[in-house]
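Computed from the coordinates by the stated procedures, all read-outs in this text should not be read as laboratory data. Keep in mind that this is a model prediction, so the values were computed, not measured. Here the Cβ is made from the backbone with ideal geometry for all residues, glycine too, and neighbour counts use every protein chain on show.
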Amino acid sequence: MIELWNVSRALGLVSLLLMGVVLALGALHNTSMSRATAKAMPRFVVVALHRNLALITVVFVALHVVAVLVTPYLPLRWFHVVVPGTASFNPWPVGLGAVALDLLLAVVISSSLRRHLSKRAWLVVHWTSYVCFPVAVAHAVVNASFRGGTWWTLVVPLLASALVVAGLLFRRASRRRAAADVPLADRGRTDPAEARRAADHATGAQPVVREMRVVPRAAPSPAPGSPAEDEAQTDTLGGPEAPTVALPPRPRRR
């Protein structure tokens, strides 16, 4: 009975450590370290490592939950580990564990339905894993303090937290260095022609060139009997090569 309880605690701590490694790898994505790693190994290897470690973490979490429910040392039912606040035995650690499990299930379900979700919705749910991690750390620390844990039950949460914090700090520093490489005069500026080409490439649209015609304004006709009328007796039938006909001058009326 006690041995099964210790096994469930060990499974939970291994799950927490794996979760810290997975989140640290996710924080290092698209940074200078990931680009340097991509030169040594293909990109799909790094992505596969992240996904496989995430799947192994889910397996260890499931084993931890099953061990907690099976052991007779803890009077818990299945809904106690899913619905927070329903357990009367050790309510705070069990409630924190239930919240962490629900957030992890949301991440797993959204990842399995990624093809049917928009990218924005999937990212919002996927980033809840960073909320799941501190709740899981609080669950481990409160449970260890409540049951009088040994040194390794406290070292593992601290080590996992250090990995995640280091990954997030490195990601922020990498983005700042990338922004510092851009000249100060060019920050916040966008070339209109380049932006137009990028928009056409993104939407698949082609620029439309419209032909503009300049129509000359017709000259006013001369008044009858004026000298200008005598000078405009040449009729042009149209076109630069059209024949012209000269008419005799009209006698003036007195």
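Think of region 2-182 as having a plus end and a minus end, set by charges on the Cβ of Lys, Arg, Asp and Glu; of 117, 58, 151, 117 sits farthest toward the positive end of this dipole.
Label-to-label distance, residue 115 versus residue 151, with points set 7 angstrom from Cα along the beta-carbon direction: 5.1 nm.
With each label modelled as a point 7 angstrom along the Cα→C-beta vector, the residue 5-residue 158 pair spans 2.5 nm. In terms of its alpha-carbon gyration tensor, region 2-182 comes out prolate; a/c meets the 1.5 threshold, and the first ratio a/b outweighs b/c. Would you please give the FRET efficiency between residue 126 and residue 45, computed as 1/(1 + (r/R0)^6) with r the Cβ-Cβ distance and R0 = 25 Å, to the nearest 0.05? It comes out at approximately 0.75. FRET efficiency for the pair residue 63 and residue 86, taken as 1/(1 + (r/R0)^6) with r the Cβ-Cβ distance and R0 = 22 Å, rounds to 0.50.
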